[in-house]
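What follows draws every value from the coordinates through simple rules; no lab data is involved. Just so it is clear, the model here is predicted, and its values are computed rather than measured. Ideal geometry is used to build each Cβ from the backbone, glycine not excepted, and the neighbour counts take in all protein chains shown.
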Amino acid sequence: MQDTAISALIEALPQPVLVLEPDGFVQAASPAALDLFGQRIIGAQLRAHLRQPEVSAMLERVLAGKAEDSSSFVLHSGSRETIWRVIARRSEAGLLVLSLSDVSDLEAAEAQRRDFVANVSHELRSPLTVLSGFVETLQGPAGEDGETRREFLEIMAGQAARMSGLVADLLSLSRVEAVEKIRPRTPVAIEMVLKATLAALRPQIDAAAIRLEYDVPEGLPDVPGDYDQLVQVFQNLIENGVKYGAGGGRLDVAARHLPALPGFDGPAIRVSIRDYGEGIDPIFIPRLTERFYRIDKARSRDSGGTGLGLAIVKHILSRHRGRLIIRSSPGEGASFDAVLPCA
């Protein structure tokens with residue numbers, strides 16, 4: 001194939017593509033490759049220009065006669081890291097054609113999947129170990145002691161409930177993610193959502209001896225939403241306020257209609273859940289919506305937390321094109337604002 005034909009061909013390719021001569025010098029490059037490496041790549045020795053040992057070794061194998069091979073390399077641009085996958089093929093004319101693909105998102109997704117599996121395994125391992133130990137104990141002489149049996153069974157029931165809660169939250173998170181790109185359009189009255197949620201959580205609030213301050217005006221405009229998912233949002237936020245803010249003895253639930261808010265095209269409803277507990281150091285706030293992230297792991301598990309509640313809240317609000325705003329300082333409690341667009 002003539003040089004002009006090669007140039008015309010790769011000009012039409014959207015991805016970065018390089019054509020190398022048998023000695024490794026770059027003969028032609030697609031526009032995307034020129035954007036990536038710059039104009040100086042033309043006529044340059046790729047191995048000297050790129051300086052990636054794994055890519056150089058791969059090129060050596062193909063230049064030595066291998067028909068096809070692949071490798072990866074990382075490019076750093078400021079704080080951004082991009083992972084590229086390179087596939088090299090030898091043409092009948094002896095030229096090498098290199099195609100590059102940005103696989104950063106795929107690698108990030110794979111890393112997230114590995115972390116997710118590891119976290120789930122870790123979360124399930126502890127209660128399973130406890131259950132196995134108590135079952136083994138009860139199968140021995142201790143099983144004949146009624147008091148010991150009752151005590152162990154109570155602990156086992158708690159561990160089973162912990163696993164059940166984790167599985168329920170995992171299923172809930174999966175369902176939310178499955179429809180996250182589909183925005184709900186059914187009109188929902190936030191006041192009704194909050195009243196239903198507080199009625200269900202009233203026993204927990206009373207048991208924690210928390211004074212509830214409710215400030216939600218009547219006549220708030222509806223928001224387009226999924227009623228059940230919004231109940232789940234405020235159930236998680238209010239439960240967190242009860243669990244971690246009980247020391248303050250007070251929980252505020254307030255809602256306001258905002259005619260305008262930066263980042264929103266029109267009016268919005270802001271629902272604020274504020275506790276007066278120990279508060280959170282601001283350095284932890286950006287990570288609070290990560291799956292399984294806990295500031296105080298022991299305390300969270302003791303209170304029945306799975307580490308998924310705020311991740312579920314974030315995904316549900318994302319589906320509703322809303323936003324979660326967290327404000328807190330040590331000793332001053334914490335405020336969780338769910339902002340939902342009215343249209």
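Roughly what % of DSSP beta bridges within the chain run antiparallel, to the nearest 5?
Numbers: 49 of 54 bridges.
If I count the DSSP bridges inside the chain, around 90 percent turn out antiparallel.
Bins of 10 Å, beginning at zero and ending with the bin holding the largest distance: percent of Cα pairs per bin for the range 155-234, please.
15, 32, 35, 16, 2
Quick one: how many lysine pairs in the chain have C-alpha atoms under 21 angstrom apart, if they're 8 or more apart or on different chains?
Working: LYS181/LYS314; LYS195/LYS243; LYS243/LYS297; LYS243/LYS314; LYS297/LYS314.
Number of lysine pairs found: 5.
What order do you get for 242-249, 185-192 when each peptide is scored by the mean count of other beta carbon atoms within 10 Å, highest first? Mind showing how you got there, number by number?
Values: 242-249: 18.9, 185-192: 15.4.
Sorting 242-249, 185-192 by mean packing, highest first, produces 242-249, 185-192.
Per 0.36 nm of contour for each residue apart, how much would the distance between ALA109 and SER121 grow if the chain were fully extended, relative to their Cα-Cα spacing?
Values: separation 12, 0.36 × 12 = 4.32 nm, distance 1.82 nm.
Result: 2.5 nm gained on full extension.
Based on the Cα gyration tensor of the range 183-343, what are the three equivalent ellipsoid semi-axes, each the root of five times an eigenvalue, rounded to whole Å and given largest first?
Working: eigenvalues 120, 62, 43 Å².
Values for the range 183-343, descending: 25, 18, 15 Å.
Note down the Stokes-Einstein diffusion coefficient of the range 3-102 in µm²/s, whole number, using a Kirkwood radius over alpha carbon pairs, 37 °C, and 0.692 mPa s. List each step's numbers first, then the result.
Details: Rh = 13.5 Å.
Taking Rh from Cα pairs, D becomes 243 µm²/s.
Taking the range 103-178 on its own, what percent of its Cα-Cα pair distances exceed 20 Å? Provide the component values of the computation, followed by the final result.
On the way: 1424 of 2850 pairs.
Summing the P(r) of the range 103-178 above 20 Å gives 50 percent of all pairs.
Using helices alone, what [θ] at 222 nm do you get for the chain, with -39,500 (n - 2.57) per DSSP H run of 4 or more residues, divided over all residues and rounded to the nearest 500?
Only helices count here, giving -15000 deg cm²/dmol.
Given just the C-alpha atoms of the range 125-261, how large is their convex hull per residue in cubic angstrom? Let's see the in-between values first.
Numbers: hull volume 22.0 nm³, N = 137.
Dividing the Cα hull volume of the range 125-261 by its residues yields 161 Å³.
Please state, as a whole number in µm²/s, the translational diffusion coefficient that the Stokes-Einstein equation yields for the chain at 4 °C and 1.567 mPa s, with Rh defined as the Kirkwood radius across alpha carbon pairs. Working shown, then result.
On the way: Rh = 24.9 Å.
Estimated diffusion coefficient is 52 µm²/s.
Which value, to two decimals, describes the C-alpha radius of gyration of the range 65-135 once divided by 2.2 N^0.38 Å?
Dividing the Cα Rg of the range 65-135 by 2.2 N^0.38 Å gives 1.92.
What ranking do 29-35, 70-76 get when scored by the average of other Cβ atoms within 10 Å per residue, highest first?
Details: 29-35: 18.3, 70-76: 14.7.
Ranking, from highest mean packing down: 29-35, 70-76.
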